[in-house]
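Notes for the one structure printed next.
Every read-out reported here was derived from the displayed coordinates using simple, explicitly stated rules and does not represent laboratory data. Here the structure is a predicted model, which is why all the values come from computation and not from measurement. Every residue, glycine among them, receives a Cβ derived from its backbone with ideal geometry; neighbour counts consider all protein chains shown.
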Ligand SMILES: [Co+2]
Ligand SMILES: [Co+2]
């Protein structure tokens, strides 16, 4: 690292910027350089995505271990471009060598839909005579077409149209006034948009028509609440300040905080990518995870009426969690002292664009870290925790997903996701029965049942890449009550099942047995417990995929069929529903099922493995979720078990510590005060 | 309420304190008054507990509805006293009438063990010749007996001794130095203490002896960490201040905060008790819960070797979560502006004692309350949340339980419990195999597997007392894939099962179906969704009771056999493992199983019901948990579903709101700043 550091200092002195870390996302300059290199050989393209083609793991592990004596991995751009006739090209551009190293026409696939792709549809829909006709049938006159809106979704898969034409389905809405929330005015028909010809090729119209909703607007923006009587005035500010600054340091995009060291990447697809996560265990820098990301999502809706089965967005693979990410605001999205990172993308025309403040990094107080009082003598130690939060928020049409990667001082990594935003809604007639498939959340507004299923990709590196995953259940011991071995029936233990091959690695959730999954390094044994060092996945929001086996969503979202899959590491396996997700039929199921089917006997025991975890919630809407939904949190933990020889955060200064012999330590926070709330009587 | 208010003002003017609210815990004065009344008729008693005998529900509901025209419920003390020969007396003293209204000798029971009862044992153990002999056998000379410690536990139940003698088991430890944590030096034998005769009547000695641990101390108090090299210096303060004060008001022990109104009680047994919880829904004060409390716990240990089966503490019923509660410190246990409440108890001698700062009430920032951005025009509303936290922390010998009752602006009530403190430990020899029943967390220290199971008592009052509980599962719709009714297989719905009678009300957990339980009022229908108003219990840490059916813990902890029981309301049914828990044999199983068996056909449909929910975690220790355990959180939610017609917190002022027509609202927190972390290069 010395030479690397000297290079950085030298570049600082000479005014040149240091070379990017090999995991850094492509910069604006790099993106435009890639475009220029491609344009020398190919014209007539528009760009779907240009992102870092991450260094191959074997090459990168060598470089990380000894950057001074290992060639620096080249900067390579991973490109998806679309040419005339909707031809899709996948390519790699070596930016160091300034040449295209791979270029391929990929048949029968559709790359994801960008925000630019989406924006086009609404304009076209408003002008389409067939759409104007349908609007007329449900009570919207032609002069009101500027009040018609649509959320264009990928079509998912519709067997009538197949995969060769690039299609979107337009979920239709109406706004009586430009400031009204359109989700209170869903329209009952669904146009299909051809992205090549930029025209509406079909409209799905239900048998029973539902005129546009007549209910008054249901709005939540400030002007609407002011008009309804205003905001409550009884919530006093809570101010959070860090007078001595933050507790983390940055080296480029590597963050150092309380023994943790993490590279913070970002791409158009997964959003935040955390790489080469290590924990400094008393001077020994120990690898924990090579890479963590949310790799895919699917949001199946549960109404079997045509064409609602098409509502099952793969928000990451079909739209991109990075592309949809919000530009965050100081004091709104996060409070305190915030460090932001921007995100650079390519646009359709091949220019670089940047979302400012795409990633928020900040610290929070996290309550009690540990405490114990001895009851004999009242000697007590109480220590408070901080946590580090690396977050982004993305807007998938109606919904908001707030993604928080949280690092704790005790070695735990937490992923918290908050769901907010607005329910996807559909029209209903007065008195209509939603038949259990949805809820009338407001007069004339049917919010369909749905699931939000996320796929977490964990590339463990528990003291090195050779890891094994176990399914762990709490199990009753052998021996009946009254037997010599279990006389009182109280015996129980952790029952472990090795997920030893790709083909046998599927594991479902079991809440009753408190099922967890342990990623361990069988080559490294905890000297005290004599058990392999491990990190345990503790995840408790793990519903089954509700769409039935053999059905459309089951076929397309193969990753969601089980809570856990384990695969042998492969550089090419990042996207569990496949690289290009829109309009896949699910036959065969792309991504995880295909990889496993290709080599079911591949060993996942004591080798470089990847754990894929599908978790989420099943959402039966209710009126409380409307017109905007209070954030619903969901969380999972990656906890060290037998990894350390001791609680690793004992060196966090306590607030207070006293001991039987009489000594004490008192660093109590003197900013805290006794509250003097008003008594209603004394008002 | 007007007359009530006038009375309070009058008493303020005259210098008399206002009468206590009928739900207020007994004051020190009231406790000593009860003792004086009893002593007029009975002598030779020591006092186990004196607590508020809560007003009968029917009487209290009338008074709450119309306090000006309803007789104020009398103040009644609920008394447990112990007389000569360990005779147990249960009594009620009417403090208004100044007389004993009930007095009964209760045979064959043992009231809980108080802190005073516990404190006696250690002194006796150190002097007992048989204990001194056992210490000698494992390497502790008689002159070191002052270094011998014990955590006295109730004996649970031991069939050799039955229920008639009041017993404790002494879990033995050693401290090489007075400041050393004794949990690194567990001793291998277990004396049995007779509380009547104050002597050791038996010692359980294992067949294989385990000399006292020779490992160096494993300490965590400030002096020890300083000696090891000191505390880390890189954690900068996060200051939390409320310059305009708190957002709640107090009327005695009733707190008003953001539409919530809650009476905060406390008793020696359950700790915090929240009563008459209402939500002001746009001026309409709607009852939500009549009473919420943690009513019982059991912590079964999983090692079948004798006598570890006796380790299964009922921490509330056998010791008292209130009795063991910590006196909290400003800036240590909670930060910001804190409102404290004290807790008064009776001591053994009949005097009142008070734990200062037993309850902490404070507000916290709670991140994003809701947010949505319209992707077309970037109009956005983002609103931040505060939450109200009512908490206490109790120390059960080695363990700490931090209990947080959290009220959210969106109508959600959350119970969060953090586990910290120290593992219960047992001795092991070098090279000994813990055989799966425990983990060697430090050389010579075996921490046994265990569960922490809590029983939440919910007395719902969802728009009134006539409620029904449903078990709700996410379920696939009928019709095979390809059928007309479910062509694409995507149909799913919320399958509801009514828990209609006591005897059929047991429900277990099912993680795969995202099982929840709805408490609804079938007489009140949401005007939009046409579904009954309800609150949904969302609880995801719900392991099965692992001790086997028919075994000791299964028999004694009947409440823990199922995740859910529902009973018809009965004033006498507060304690799900019975009123007097120590030394119950479990035959018959007291509390819930007995109540239900007495009337299995009692209807729980559209009547006044109580929901009992057992949840918790299964804990397989690891070295990270030692010598003090980083707090492990566990949480559950009570969420309004179809209760409101709309998101009930839209009137919380947003940080920022802009709308398509151009207006905006900007109350961004200006205290937040852009962080300037040090770059390692620029150091
Ligand atoms: Co949802
Ligand atoms: Co535990």
### Task
Please determine, in degrees from 0 to 90 and to the nearest 10, the orientation of helix A:28-41 with respect to the longest principal axis defined by the Cα atoms of chain A, where the helix direction is its Cα long axis.
50 degrees
### Task
Would you please give the FRET efficiency between residue A:164 and residue B:676, computed as 1/(1 + (r/R0)^6) with r the Cβ-Cβ distance and R0 = 60 Å, to the nearest 0.05?
0.70
### Task
Between residue B:199 and residue A:603, with labels modelled 7 Å along Cα→Cβ, what's the label distance in nm to one decimal, could you check?
6.6 nm
### Query
Efficiency by 1/(1 + (r/R0)^6): what FRET value for residue B:207 and residue B:485, r their Cβ-Cβ distance, R0 = 60 Å, to the nearest 0.05?
0.35
### Calculated FRET value between residue B:107 and residue A:523, using beta carbons and R₀ = 56 Å, to 0.05
0.35
### Query
Is there a simple number for the mean count of other chain Cβ atoms within 10 Å of the Cβ of residues in B:304-315, and what is it?
3
### Query
Using alpha carbon centroids, what distance separates the range B:580-621 and the range A:111-182, in Å?
56 Å
### Message
For peptide B:24-36, what's the mean number of Cβ atoms from other chains within 10 Å of each residue's Cβ?
### Response
0
### Message
Rounding to the nearest 10 and keeping the result within 0 to 90°, find how far the Cα-based axis of helix A:115-127 lies from the longest principal axis of chain A.
### Response
20 degrees
### Query
Which single residue of chain B puts its beta carbon nearest to the axis of rotation relating B to A, and what distance, in whole Å, does that give?
B:511, 1
### Message
Once the label point is set 7 Å along the Cα-to-beta-carbon vector, what list of distances in nm do you get between residue A:116 and its counterparts in the other copies?
### Response
8.1
### Summary
For the range A:543-653, averaging the sequence separation of alpha carbon pairs under 8 Å that lie six or more residues apart and dividing by its residue count, the contact order in percent is 28 percent
#### Entry: Mean-position separation - Cα centroids, the range B:285-301 and the range A:479-530, in angstrom
32 Å
### Query
Which angle between 0 and 90 degrees, to the nearest 10, do you get for helix B:2-14 versus the longest principal axis of chain B when only C-alpha atoms count?
50 degrees
### Message
With an 8 Å Cα cut-off and a minimum separation of 6 or more residues, compute the relative contact order for chain B in percent.
### Response
13 percent
### Task
Can you tell me the order of B:530-537, B:111-118 when each peptide is scored by its average per-residue count of other Cβ atoms within 10 angstrom, highest first?
B:530-537, B:111-118
### Query
In whole Å, how far is the Cα centre of the range A:362-399 from that of the range A:188-213?
49 Å
### Base-10 log of normalised Debye intensity for the protein assembly as shown (one unit scatterer per alpha-carbon) at q = 0.06, 0.07 Å⁻¹
-0.55, -0.76
### Task
Provide the packing ranking of B:496-506, A:337-347, i.e. peptides ordered by the mean count of other C-beta atoms within 10 Å per residue, highest first.
A:337-347, B:496-506
### Message
So for the range A:2-104, averaging the separation of alpha carbon pairs under 8 Å that are six or more residues apart and normalising by length, what relative contact order in percent results?
### Response
25 percent
### Message
Averaged across A:404-412, how many Cβ atoms of other chains sit within 10 Å of each residue's Cβ atom?
### Response
2
### Message
With the label 7 angstrom out along Cα to Cβ, how close does residue A:178 come to the same site in each of the other copies, in nm, nearest first?
### Response
7.8
### Label 7 Å beyond Cα on the Cβ vector: residue B:497 copy-to-copy distances, nm
2.3
